[in-house]
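**Student:** Attaching a single structure in structure tokens format; questions to follow.
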Ligand SMILES: NC(=O)c1ccc[n+]([C@@H]2O[C@H](COP(=O)([O-])OP(=O)(O)OC[C@H]3O[C@@H](n4cnc5c(N)ncnc54)[C@H](O)[C@@H]3O)[C@@H](O)[C@H]2O)c1
């Protein structure tokens with residue numbers, strides 16, 4: 001059996017209208033997963049592209065992940081439309097460059113709302129759906145016993161910034177919000193193991209998304225420094241995270257739960273040169 005196959009599975013991805021989330025959606029669709037995207041922004045023709053390229057079903061549910069009511073309604077609609085939830089990837093996130101000494105309340109509350117509370121609410125709703133799936137399948141209370149590791153996979157997106165701060169940005173609130181996200185991984189892994197649900201996080205280093213390209217064009221000194229911070233002198237390409245995401249979401253990682261995978265081009269392997 002191909003342990004990387006996601007044929008017939010339903011993956012719920014937040015923040016996948018664009019950027020890394022969209023790359024993750026494409027990676028999972030390439031392995032056969034049907035895709036449900038929760039985002040405040042519209043994915044435009046990206047859904048049609050996913051469907052045409054991978055012959056899977058892809059649907060968009062306009063959802064603000066910070067609002068419990070919207071999240072629960074979206075997950076209920078996904079269960080009705082797709083039949084189950086098998087995978088959840090939480091990529092919706094925001095970041096604001098603001099020095100600690102003058103950080104605004106709005107930055108503090110909005111960053112934690114989207115990055116931490118949003119990830120929490122969506123993971124909770126998806127885990128409840130995964131438990132419902134088990135209840136339907138075996139008529140029990142949803143618990144499947146600790147030997148079963150393949151009922152569901154939840155992946156949070158952390159950041160290298162929650163391991164070590166870069167010298168080029170003042171993003172203490174973002175770093176702390178991503179540490180809080182990573183703080184969910186072990187307790188959730190423990191609580192959900194008996195339902196056959198695995199919980200891990202992926203912490204990427206700086207990646208060349210459209211947003212990065214725009215910032216790099218406007219601030220070349222910023223880009224030069226970020227590139228110097230990895231061991232390869234460049235930032236990562238989004239497609240360099242496809243393999244690790246597929247691994248985390250599929251049965252290929254059936255023995256892995258409660259862990260953070262730091263994929264950063266070696267940025268945290270040395271004392272990188274300061275700006
Ligand atoms: N790009 C990088 O270099 C990098 C590095 C490490 C971690 N990350 C993390 O990866 C994730 C994706 O980053 P990206 O660079 O693709 O960002 P991005 O800004 O391109 O995409 C983020 C998506 O989240 C959505 N979003 C924002 N607020 C939302 C809300 N309240 N409800 C629903 N959706 C919302 C946006 O509409 C957008 O589609 C983020 O969590 C980010 O912190 C990015």
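Each reported figure results from applying straightforward, stated rules to the coordinates on display, with no laboratory input. Computed from a predicted structure; not experimentally measured. Note: ideal-geometry Cβ built from the backbone for every residue, glycine included; neighbour counts use all protein chains shown.
**Student:** Could you sort 133-141, 202-210 so that the peptide with the highest average Cβ count within 10 Å comes first and the rest follow in order? If you can, show how the numbers build up before the last one.
**Tutor:** Working: 133-141: 13.1, 202-210: 20.6.
Descending packing order for the listed peptides: 202-210, 133-141.
**Student:** Mind pulling the angle between the C-alpha long axis of helix 19-30 and the longest principal axis of the chain? Nearest 10 degrees, somewhere in 0 to 90.
**Tutor:** Around 40 degrees separate the two axes.
**Student:** Also: For the range 154-212, taking Cα atoms only, what is the radius of gyration to one decimal and the Dmax to the nearest whole Å?
**Tutor:** Rg then Dmax for the range 154-212, in Å: 13.5, 43.
**Student:** Could you give the angle, 0 to 90 degrees to the nearest 10, between helix 68-82's Cα long axis and the longest principal axis of the Cα atoms of the chain?
**Tutor:** Taking the Cα atoms of the chain, the angle to 68-82 is about 50 degrees.
**Student:** Moving on to the next point. Report the gain in length on full extension from residue 237 to residue 1: 0.36 nm times residue separation, minus Cα-Cα distance, nm rounded to one decimal.
**Tutor:** The residue 237-residue 1 span can extend by a further 82.0 nm.
**Student:** With only alpha-carbon atoms counted, please give the Rg and Dmax of the chain, in Å.
**Tutor:** Rg, Dmax (Cα atoms, Å): 18.3, 59.
**Student:** Over the range 10-264, what is the mean sequence separation of C-alpha contacts under 8 Å (at least six apart), divided by residue count, expressed as relative contact order in percent?
**Tutor:** Contact order relative to length: 19 percent.
**Student:** May I ask you to derive the relative contact order of the range 33-102, considering only C-alpha pairs under 8 Å and at least 6 residues apart, and to give it as an integer percent?
**Tutor:** That works out to 28 percent.
**Student:** Considering only C-alpha atoms, what is the centroid distance from the range 179-221 to the range 1-58, in Å?
**Tutor:** 17 Å
**Student:** Ordered by packing density, taken as the mean number of other Cβ atoms within 10 Å over each peptide's residues, highest first, how do 224-236, 150-162 rank?
**Tutor:** Answer by packing, highest mean first, reads 150-162, 224-236.
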